[in-house]
Amino acid sequence: MDMVKKLIMAGLGAAALTEEKVSKIVDELVKKGEISEHEGKGAVKGILSQVEENKKFVEEKIQEHMDIFLKKAKIATLADVEKLEKRIEKLEKNK
């Protein structure tokens, strides 16, 4: 479960990096002369792209861990419930 917590926290951290926040940070670097305007624009695009990739990765890992948890806890998933509903409908039609 510790891994799930870490993944969730990483996802929240990545989600907090909005385009506005990234732009502000990069603008400060440009103002200080640490990077050029051209480099700044590329940096914003690159950082936001990386954030999006990280968010997708974290979402996939969380889903994997939730699936494992649900199987171990023997909790029915939506797919399980839908499958049972279809079986019940079929049985009721055959009466």
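General observations
- The charge dipole of segment 17-82, taken about its Cα centre with unit charges on the Cβ of Lys, Arg, Asp and Glu (plus for the first two, minus for the last two), comes to roughly 220 debye.
- Proximal lysines relative to residue 21, as straight alpha-carbon distance under 22 Å, when same-chain residues fewer than 8 apart are discounted: 31, 32, 41, 45, 55, 56
- Placing +1 on the Cβ of every Lys and Arg and -1 on the Cβ of every Asp and Glu, with nothing else charged, gives segment 49-95 a dipole about its Cα centre of roughly 420 debye.
- Note on residue 95: lysines with a C-alpha under 27 Å away, same-chain residues under 8 apart excluded, are 83, 86.
Where a number appears in this text, it was derived from the coordinates with a stated rule and is not lab data. Everything quoted here is computed from the prediction, not taken from an experiment. So basically every Cβ, Gly included, is an ideal-geometry build from the backbone, and we count neighbours across all protein chains shown.
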